[in-house]
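Beneath this line is the structure, given in structure tokens, with notes to follow.
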């Protein structure tokens, strides 16, 4: 390996974190942790009791630069329940422009697997994509037909409040969700300023913040009638918050797909939390009490 190649390897942070949660008479426990690089958790917390383990994903650099790769895998075994979140926003920083010193791509991949009767709530805080970033963010969820999943992602392009719009660079995101290995949700977005997707009416329509909230529960737990009633409640909440132009709600084969398109990350998060508070009692059979880490 040449000295230049060694320097490129040194400048990369390849991080991975594998978590496994099991369920026993003691409740949900973190049964396996395997990590490499600057990606970890402290421990499992139990603010709601032993049946639900709260996990805070920690990435000390707090951002992803060119050449970095983050890989997170979460396996939730039969009957276990976890809520996974982050203490702060993730960041895709400006990518390198000198290709001679390495690949400019910045990658984050999250895989979540749920066994029978497992429950997972995956709520990372917002992702900030800096101008001239070259980011890839993939989220893959694999469910058993008796498991429950609630998860969101929130993406902010540029830093408009600092007059730093996303005018150059690239950001690709892929969300997929499988139930019993059958693909029921596939959503891919590729944002490049030259494609005009940011300003096209069929794209982001001039907005800089977009988010997706997915919620799935088996029909044995939530009937079609109950889901219809819930959707009516969700839409009523959206109307009460004057957010009809910001939020859409779709029911796709037992999967609720809730989308936000607007200008404010804080607004997106606040609306998603209020929707979660309505969904959680029916899907998770717990009240929607916000993790304390969200208030710090």
ask   = Considering only residues of region 58-97 that are over 26 Å from residue 132 (Cα atoms) and under 15 Å from the mean Cα position of the chain (by Cα), which is surrounded by the most Cβ atoms within 10 Å (Cβ to Cβ)?
value = 84
query = Here are some conditions: (1) crowded, with 18+ Cβ neighbours inside 10 Å; (2) touching a helix residue (DSSP H, G or I) at 6+ places or on another chain (Cβ under 7 Å); (3) outside any strand (DSSP E or B). Residue 272 meets all but one. Which one does it not meet?
reply = (2)
key: Residue within region 68-83 that is at pLDDT below 95 and assigned to a loop (DSSP other than H, G, I, E, B) present   = yes
inquiry  = Please verify whether residue 198 is touching a residue at least 12 places away in the same chain (Cβ under 8 Å) and out of contact with any strand residue (DSSP E or B) (no Cβ under 6 Å at 6 or more places or on another chain), treating the condition exactly as stated.
reply    = yes
message = Can you find, within region 235-269, the residue that is surrounded by the most Cβ atoms within 10 Å (Cβ to Cβ) among those that are assigned to a helix (DSSP H, G or I) and touching a residue at least 12 places away in the same chain (Cβ under 8 Å)?
response = 268
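State the number of residues belonging to region 144-169 that are part of a strand (DSSP E or B) and either surrounded by fewer than 19 Cβ atoms within 10 Å (Cβ to Cβ) or without any contact (Cβ under 8 Å) to a residue 40 or more places away in the chain (or both).
2
The values are calculated or read from the model by the stated rules, or taken from the named source; none is laboratory data. Everything numeric here is computed off the predicted structure, so don't read it as measured data. Methodologically, a virtual Cβ is constructed for each residue, glycine included, from the backbone with ideal geometry; neighbour enumeration extends over all protein chains shown.
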